[in-house]
Amino acid sequence: MLSRLDPSWIVVDLTSEADLEHSLSPVYPRALLKKGSAGRAVIAAAPDTAEPSGVLSFGLCWLEYLRKREPRLTIDGLSLFLPKGREGETALRLRFLDPLAARYDLFTYGENGLVDPSDPMDNGNLDTRLDVFRSPEPRVEYWIERLCARSDAETVTNPDGSVSVRLRGVEFARSAGPEVLFGLKKRALLHEGTLSEARRLCSAIAEARRDDSGNREHPLYRTQPERWLESQVRAKIGELDATLRTSPVYGQVPAVAGTERGVIDLLAADTRGRLTVLELKASADLHLPLQALDYWIRVQWHVERGEFTGRGYFPGVALTQDPPRLLLVSPALEFHPTTETILRYFSPRIPVERIGVAADWRRDLRVMFRALGAETPD
């Protein structure tokens with residue numbers, strides 16, 4: 001592939017070796033090109049890569065590493081190579097990076113070995129969907145009120161009108177049309193004869209999923225830590241940001257198509273009517289910043305078109321068209337070391353903030369630090 005670019009560039013480094021110290025993956029081959037005192041970072045996603053979009057996170061880490069390693073070179077940017085037809089998500093992300101921080105060139109390649117330049121502005125169509133918000137059916141509300149009585153269970157209403165019933169993030173019941181089904185794996189219909197069984201299940205989850213549990217290896221304690229963190233954030237969102245309205249808080253709105261993201265997307269509004277995107281992650285994840293960007297892009301797209309109000313979201317709130325704020329929320333010691341590096345390349349039009357919470361967030365949600373953009377926390 002490199003031979004098909006400008007032949008005046010000389011390949012001085014080409015590797016696919018893992019470099020854990022600098023968060024460089026063997027899955028994405030990388031190179032350094034040189035022409036006089038100029039340099040260019042290059043990275044590629046192999047044809048059989050399960051997640052080709054991951055190339056950009058590792059590419060930015062590679063670019064930053066080379067700039068520090070080669071101080072005599074002016075490394076102006078990053079060239080990315082992806083399999084043809086799988087470049088869309090990366091192209092979309094590139095539109096929202098800072099053009100003053102680096103130059104980005106995108107190329108695609110096919111089975112025939114041909115390499116073609118790809119303009120991010122002419123690529124990466126946005127795949128997003130914002131459903132009309134529907135209220136739950138009265139019969140559903142009746143049964144859920146009875147199920148949740150005298151418990152710590154919480155309810156989350158989805159855009160389609162279904163209601164998820166959870167205990168510290170573990171869903172154990174959900175409405176389906178006018179009915180409510182309960183269970184962890186196999187689900188049963190909730191009615192007068194099964195109500196006691198459903199309440200016993202709720203109690204069992206509550207016992208296993210205590211912050212002071214004596215058995216932290218229990219499957220119910222270990223499962224879905226992001227959902228547990230979400231539960232805490234929903235209950236104490238004012239602890240993260242006092243300007244945020246406590247209700248409503250929507251999850252995965254708008255929907256993001258594709259594989260399981262591994263992060264929780266929440267959407268709230270502040271007292272001025274400005275939307276705020278919250279991305280939650282309970283453990284270190286190099287891809288968190290760009291996954292958060294994916295969601296922010298979609299929210300911004302719908303904000304610009306005034307679609308949240310028109311489709312029934314945030315009733316009674318006069319929403320502004322200001323760019324949404326982006327909050328990355330994680331245990332303070334669980335932000336990946338590359339987070340600041342990747343955020344350094346974000347466009348300044350994206351108001352991003354990191355919020356680190358205490359390690360005992362399961363017991364109490366407490367903020368340990370706040371950092372704007374790529375700032376280093378105090």
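Before moving on, here are some points about what is shown:
- Kirkwood-Stokes translational diffusion coefficient of region 11-57, alpha-carbon pairs, 37 °C, 0.692 mPa s, µm²/s: 286
- Charge dipole of the chain (Cα centre as origin; +1 on each Lys and Arg Cβ, -1 on each Asp and Glu Cβ, all else neutral): 480 debye, rounded to the nearest 20.
- Ranked by the mean number of other Cβ atoms within 10 Å per residue, highest first, peptides 180-191, 207-218, 292-303 order as 292-303, 180-191, 207-218.
- Ratio Rg/Rh [Cα only; Rh per Kirkwood] for region 140-294: 0.97
- Formal net charge of residues neighbouring R311 (Cβ-Cβ distance under 11 Å; K, R +1; D, E -1): +1
- Neighbours of W143, meaning other residues whose beta-carbon lies under 11 angstrom from its beta-carbon, give a summed charge of -3 when Lys and Arg score +1 and Asp and Glu score -1.
- Region 2-124 shape via C-alpha gyration tensor axes, a/c threshold 1.5: rounded
- Within region 138-220: Cβ-based charge dipole about Cα centre, in debye rounded to nearest 20 (Lys, Arg +1; Asp, Glu -1): 200
- Extents of region 138-220, largest first, come to 39, 29, 24 Å (Cα atoms, principal axes, whole angstrom).
- The HN-Hα couplings worked out from phi for region 266-282 by the Karplus form 6.51 cos²θ - 1.76 cosθ + 1.60 (θ = phi - 60°) are 10, 10, 10, 10, 8, 5, 8, x, 8, 6, 9, 8, 10, 10, 10, 8, 8 Hz, whole numbers, x standing for Gly and Pro.
- Packing-based order for 232-245, 162-175, using average beta carbon neighbours within 10 Å, highest first: 162-175, 232-245
- Dimensions of region 263-378 from C-alpha coordinates, computed as largest minus smallest value along each principal axis and given longest first, are 40, 34, 23 Å.
- Summarised in one figure, the compactness ratio Rg/Rh of the chain, Cα atoms and Kirkwood Rh, is 1.02.
- Whole-angstrom gap from region 75-134 to region 135-206, using each part's C-alpha centre: 42
Quick note: the coordinates plus some simple rules give every number you see, no bench work behind them. None of the values given here were measured: they were computed from a predicted structure. FYI the Cβ positions are ideal-geometry reconstructions off the backbone, even for glycines, and counts take in every protein chain you see.
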